[in-house]
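To start, the structure under review is shown below, and the notes come after it.
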Amino acid sequence: MSSSTDSPTLTTETTQLSPQPDTETAKPTKKITLKSSDNQIFEVEESVAMEFATVKSFFEDSPSTDTVPLPNVTAKPLSQVIEFCKEQIKFKANPDEAQKKKYNAEFVTEKSDKDLVDMIPVANYLEIKDLLDVLNQAVADRIENKSVEYVRSFFGIDNDFTAEEEAALRREHAWAYEGVDED
Amino acid sequence: MNSNIDRISNLPSSLLIIIASFLPFKEAARTSVLSKQWLNIWRDAMHIQFNETFFVKSDEPEENRKVQREVFINFARQFIANYSQQVIKTLGLACSKPGDFLSDIQNILMFASSRDVRELGLDFSDPTWREQALENHQAAFELPLPVYEHGQVLRSLKLFSCSFKVSNFSNFCSLKTLSLGLD
């Protein structure tokens with residue numbers, strides 16, 4: 001058992017037989033600890049953590065773990081993603097499409113451009129499909145009809161084209177640059 | 001300063017394709033000049049609009065428009081030849097002279113059907129009809145068989161100046177929206 005990190009195949013079966021998980025699930029709200037890449041600790045209810053497909057499969061592979069390290073995720077976007085998933089759990093228990101739509105709209109409206117963009121890779125990594133859709137739609141709405149320069153600064157993208165390369169690309173697809181708003 | 005604001009560049013291309021797929025087609029095309037990583041992302045975006053009016057200027061003489069229409073069809077031809085995603089969400093095609101490009105239009109529709117397109121919009125009306133005040137004109141194009149054969153995944157179908165056989169609509173079990181129009 002002590003070498004379980006190297007050979008996880010058999011440990012799943014043994015832990016299922018041991019009494020430990022039963023005593024734990026008997027508690028009304030089991031907490032799961034998530035650790036961000038900047039070493040912040042988040043205690044979340046199991047039902048919330050199971051919204052994260054990546055965390056869920058982590059537990060399926062090694063059920064005896066108590067802390068899930070998230071090496072690709074920093075604390076700020078993680079806390080916002082947790083906030084979103086907590087609400088989604090409530091809507092799962094009491095389905096109300098109109099309220100859910102309203103919540104999702106408000107959730108993105110109050111976020112800065114940077115917050116939205118920073119959450120996208122987190123939602124993708126944790127495989128939260130609903131949130132990824134909400135974020136991508138919000139981003140699409142915010143950059144609608146905006147200039148290339150605006151979109152670059154929105155995403156925080158470094159332009160690595162030379163001026164000549166960029167001019168040639170713009171000429172090649174001149175049709176795409178008509179009807180763009182002034183910044 | 002630029003190096004620490006480049007938030008989105010370390011995302012995998014597969015995620016950038018998802019982001020670009022939330023944008024209108026013209027806007028997705030403009031992402032090609034954001035940076036080298038974005039150069040070809042839009043070529044796999046899943047909302048595709050082949051719209052003649054992006055290329056053809058209605059205020060120019062017909063001889064110019066004819067050339068612009070050739071450029072437009074050539075663009076669409078190349079786009080579908082290079083496309084690498086398995087599934088597309090939307091395909092819109094607007095062409096005022098379908099009779100001049102029958103095989104290309106057939107190919108575009110074969111392409112859409114083979115990628116299990118969810119929303120299909122076809123507009124073969126000609127703006128000059130209105131100028132000539134013609135009250136009756138034949139539908140300019142007949143919906144080809146592959147569209148019916150892949151009908152079971154279509155959620156939305158919009159047909160303008162495109163004729164069809166009602167009896168062939170037997171397996172459109174996912175269809176939620178149907179719009180038909182003459183011009």
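Bear in mind these aren't lab numbers, they're just calculated from the coordinates by the rules spelled out. Everything numeric here is computed off the predicted structure, so don't read it as measured data. Backbone-built Cβ (ideal geometry, glycine too); neighbour counts: all protein chains shown.
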How well do other chains shield peptide A:117-123, expressed as the mean number of their Cβ atoms within 10 Å of each residue Cβ?
3
Taking only the C-alpha atoms, wrap a convex hull around the range A:111-150 and report its volume per residue in Å³ as a whole number.
67 Å³
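How many partner chain Cβ atoms sit within 10 Å of a residue's Cβ in peptide A:143-152, on average, as a whole number? Before the final figure, lay out each step's value.
Working: counts 6, 3, 4, 2, 1, 5, 2, 0, 7, 8.
Across the residues of A:143-152, the mean count of other-chain Cβ atoms within 10 Å is 4.
Using just the alpha carbons, could you tell me how many Å³ per residue the convex hull of the range B:46-181 encloses?
Values: hull volume 13.9 nm³, N = 136.
Convex hull volume per residue, Cα atoms: 102 Å³.
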Starting with the highest mean, order B:30-37, A:139-146 by the number of other Cβ atoms within 10 Å, averaged over the residues of each peptide.
B:30-37, A:139-146
Dipole check, the range A:75-183, charges on Cβ (K,R +1; D,E -1), about Cα centroid: among A:Thr162, A:Tyr125, A:Val148 the Cα furthest to the positive pole belongs to A:Tyr125
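If you count, for every residue in B:13-26, the Cβ atoms of partner chains within 10 Å of its Cβ, what is the mean? Write down the numbers at each step before the final one.
Numbers: counts 0, 1, 7, 2, 0, 5, 10, 2, 2, 10, 7, 3, 1, 8.
Average per residue, whole number: 4.
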What distance in nm separates the simple spin-label points at A:Glu45 and A:Glu97, each placed 7 Å from Cα in the Cβ direction?
2.5 nm
So what are the ³J(HN,Hα) numbers for the range B:81-91, from phi and the Karplus equation (6.51, -1.76, 1.60; θ = phi - 60°), rounded to whole Hz, Gly and Pro as x?
5, 9, 6, 10, 6, 7, 9, 10, 7, 10, 10
Jot down the radius of gyration and Dmax of the range B:1-101, Cα atoms only, both in angstrom.
16.2, 55
How charged is the neighbourhood of A:Ser57? Take every other residue with its Cβ under 14 Å from the Cβ of A:Ser57, and add Lys/Arg as +1 and Asp/Glu as -1.
-3
Label-to-label distance, nm, for residues given as B:Leu180 and A:Lys56 (7 Å Cα→Cβ offset):
4.3 nm
What are the principal axis extents of the Cα atoms in the protein assembly as shown, in Å, biggest first?
82, 56, 40
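Rounded to the nearest 0.05, what FRET efficiency is calculated for A:Asn72 and B:Gln152 with R0 set to 35 Å and r the Cβ-Cβ distance?
On the way: r = 39 Å, r/R0 = 1.10.
The formula returns an efficiency of 0.35 here.
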Return the FRET efficiency for the residue pair A:Glu178, A:Ser64: r is the Cβ-Cβ distance, R0 is 56 Å, and the value is rounded to the nearest 0.05.
0.40
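Is there a pair in A:Lys111/B:Lys36; A:Lys114/B:Lys36; A:Lys35/A:Lys129; B:Lys66/B:Lys165 whose C-alpha atoms are over 23 Å apart, and which pairs would that be? If you can, show how the numbers build up before the last one.
Numbers: A:Lys111/B:Lys36 28 Å; A:Lys114/B:Lys36 21 Å; A:Lys35/A:Lys129 21 Å; B:Lys66/B:Lys165 31 Å.
In this structure, A:Lys111/B:Lys36; B:Lys66/B:Lys165 lie more than 23 Å apart at Cα.
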Between B:Leu145 and A:Glu166, with labels modelled 7 Å along Cα→Cβ, what's the label distance in nm to one decimal, could you check?
5.1 nm
What aspartates and glutamates does B:Lys158 reach when the alpha-carbon gap must be under 19 Å and sequence neighbours fewer than 8 apart in one chain are set aside?
B:Glu52, B:Asp116, B:Glu119, B:Asp123, B:Asp126, B:Glu142, B:Glu149, B:Asp183
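For the range A:29-143, what class follows from the C-alpha gyration tensor (a ≥ b ≥ c being the square roots of its eigenvalues): rounded when a/c is under 1.5, otherwise prolate if a/b is larger than b/c, else oblate?
Details: a/c = 2.13, a/b = 1.37, b/c = 1.55.
Verdict is oblate for the range A:29-143.
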Lys/Arg Cβ at +1, Asp/Glu Cβ at -1, dipole of the protein assembly as shown taken about the Cα centre: which of B:Ser32, A:Ile82, A:Ile41 is farthest positive-ward?
A:Ile82
